[in-house]
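Some notes on the structure that comes next.
The values are calculated or read from the model by the stated rules, or taken from the named source; none is laboratory data. Worth saying up front: this structure is predicted, and the values here are computed from it rather than measured. Glycine gets a Cβ as well: all are built from the backbone with ideal geometry, and neighbour counts include every protein chain shown.
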Amino acid sequence: MPGERHNRGMYRRHLLAAGLAGPLLPAAAQARVAKGPLTPDASIRLWPGEAPGLLDPTLDDQVENRSKDPAVIDRAMHRIRTPRMDVFRAAKPNGAAVLVMPGGGYGRVVFDKEGYELGAWLSARGVTVFVLMYRLPGEGWRDRSNAPLADAQRAMRLIRARAAEWKLDQKRVGAMGFSAGGHLCADLATRFARKVYEPVDAADALDARPMLAAPIYPVVSMDPAITHAGSRNALLGPDPTPELEAEHSPDRQVTAATPPCFLAHAEDDLTVPVENSLRLRAALRAAKVPVEMHLFETGGHGFGMRPSAGRTAQIWPDLFLSWAKAHDFLG
């Protein structure tokens, strides 16, 4: 819609100006809730025809605005039949790209505060962003626990296959995820080479390994003692075997091939215990995989890119950019 494009353009110009005006402002000053819905520059379907393993032919992509404040947009997608990537083109591409996986407990994809707003912020800093609308495992898919990972692997390969189109360096493609999307991000970082779907075209010959990964307040372990029960139940179904729990606990799948990771979590997170990030960090350290971790005293769960007065976690985006630059991700 013309009004949506106008709002998004004003928002992006504000972010770009902030980034060029000198040293980066604190994230709380930069991360703004858009006055109108942000819109991506393009959308890319992941699969030709139907996504693999469809069991429920009644699925039809649904979007709801969860916000009770009419001035704030907080949309989520569910009943996802057509997984896709929504693209935020970099204002001045530096060759880097990030595949962003919003959270939602594997029951929805919360794509404004954990996707589009990050897309606008990073694209103003030269990074092309692909927000992933991935299939939800409890919505009728064969091999339910691997359906989200299949979408993430396919997305990484498509980004690399179309790198020239977006002025990207095939090597500098990273991954970031939040909450259950953080689990998917960590799953991709540890099981990027696991075959979870049959190849459909030439893109599937490309590498799905991200150059680096940033699981933010992630669900990691499927251990009932510390997991997020809703995410675990949606992903694994009732009464999973110990083997299935282990396979889908990224802390138990880390190898020396896992890419460098950036972790951020708030100590007062009452939804996903901070122990999830601690276990992942311990596994990364044991495998000698580079890792940077930030634990914040306050922030709660689901803060995404939104300002949160008095909460220390709001500085995480600037910390991520500094870390990514140190790993030569930004060129």
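Here are the numbers:
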{"quantity": "Residues satisfying the stated conditions in the stretch 212-255, i.e. among the aliphatic types (A, V, I, L, M) and either surrounded by fewer than 21 Cβ atoms within 10 Å (Cβ to Cβ) or over 22 Å from the mean Cα position of the chain (by Cα) (or both)", "calculated": "225, 226, 229, 244, 246"}
{"quantity": "Selected residue (criterion: nearest to the chain's Cα centre (by Cα)) from residues of the stretch 273-303 that are among the small types (Gly, Ala, Ser) and more than 23 Å from residue 327 (Cα to Cα)", "calculated": "302"}
{"quantity": "Every pair of residues 6+ apart whose Cβ atoms lie under 9 Å, when the first sits in the stretch 298-309 and is closer than 20 Å to residue 101 by Cβ and modelled with pLDDT under 90 while the second is assigned to a loop (DSSP other than H, G, I, E, B) and among the β-branched types (Val, Ile, Thr)", "calculated": "305/33; 306/33; 306/72"}
{"quantity": "Cβ-Cβ under 6 Å pairs, at least 6 apart or on other chains, the stretch 24-51 side closer than 18 Å to residue 84 by Cα, far side modelled with pLDDT under 50 and outside any loop (DSSP other than H, G, I, E, B)", "calculated": "38/8; 39/4; 39/8"}
{"quantity": "Identity of the residue in the stretch 105-130, among the acidic types (Asp, Glu) and closer than 18 Å to residue 174 by Cβ, that ends up farthest from the chain's Cα centre (by Cα)", "calculated": "117"}
{"quantity": "Number of the condition not met by residue 70 [criteria: (1) more than 29 Å from residue 232 (Cβ to Cβ); (2) buried (at least 24 other Cβ atoms within 10 Å of the Cβ)]", "calculated": "(2)"}
{"quantity": "Residue count for the stretch 82-109, restricted to those that are touching a Gly at 6+ places or on another chain (Cβ under 6 Å), without any contact (Cβ under 8 Å) to a residue 60 or more places away in the chain and not in a loop (DSSP other than H, G, I, E, B)", "calculated": "1"}
{"quantity": "Odd one out for residue 310, checked against (1) over 22 Å from residue 94 (Cβ atoms); (2) crowded, with 23+ Cβ neighbours inside 10 Å", "calculated": "(2)"}
{"quantity": "Failed condition for residue 76, given (1) at pLDDT 95 or above; (2) surrounded by 23 or more Cβ atoms within 10 Å (Cβ to Cβ); (3) over 25 Å from residue 209 (Cα atoms)", "calculated": "(2)"}
{"quantity": "Failed item, numbered, when residue 116 is tested on (1) part of a loop (DSSP other than H, G, I, E, B); (2) buried (at least 22 other Cβ atoms within 10 Å of the Cβ)", "calculated": "(1)"}
{"quantity": "Residue that is part of a strand (DSSP E or B) and either surrounded by fewer than 15 Cβ atoms within 10 Å (Cβ to Cβ) or touching a Phe, Trp or Tyr at 6+ places or on another chain (Cβ under 9 Å) (or both), where the choices are 50, 64", "calculated": "64"}
{"quantity": "Qualifying residue in the stretch 165-173 (condition: at pLDDT 95 or above and on the phi > 0 side of the Ramachandran plot)", "calculated": "yes"}
{"quantity": "Test: residue in the stretch 264-282 that is farther than 19 Å from residue 226 by Cβ, surrounded by fewer than 17 Cβ atoms within 10 Å (Cβ to Cβ) and either aromatic (Phe, Trp, Tyr) or without any contact (Cβ under 8 Å) to a residue 60 or more places away in the chain (or both)", "calculated": "no"}
{"quantity": "Residue list for the stretch 142-164, filter: crowded, with 24+ Cβ neighbours inside 10 Å and either closer than 13 Å to residue 55 by Cβ or of a type in the set (Asp, Glu) (or both)", "calculated": "147, 151"}
{"quantity": "Considering residues of the stretch 165-188 that are surrounded by fewer than 24 Cβ atoms within 10 Å (Cβ to Cβ) and among the acidic types (Asp, Glu) only, the residue farthest from residue 253 (Cα to Cα)", "calculated": "165"}
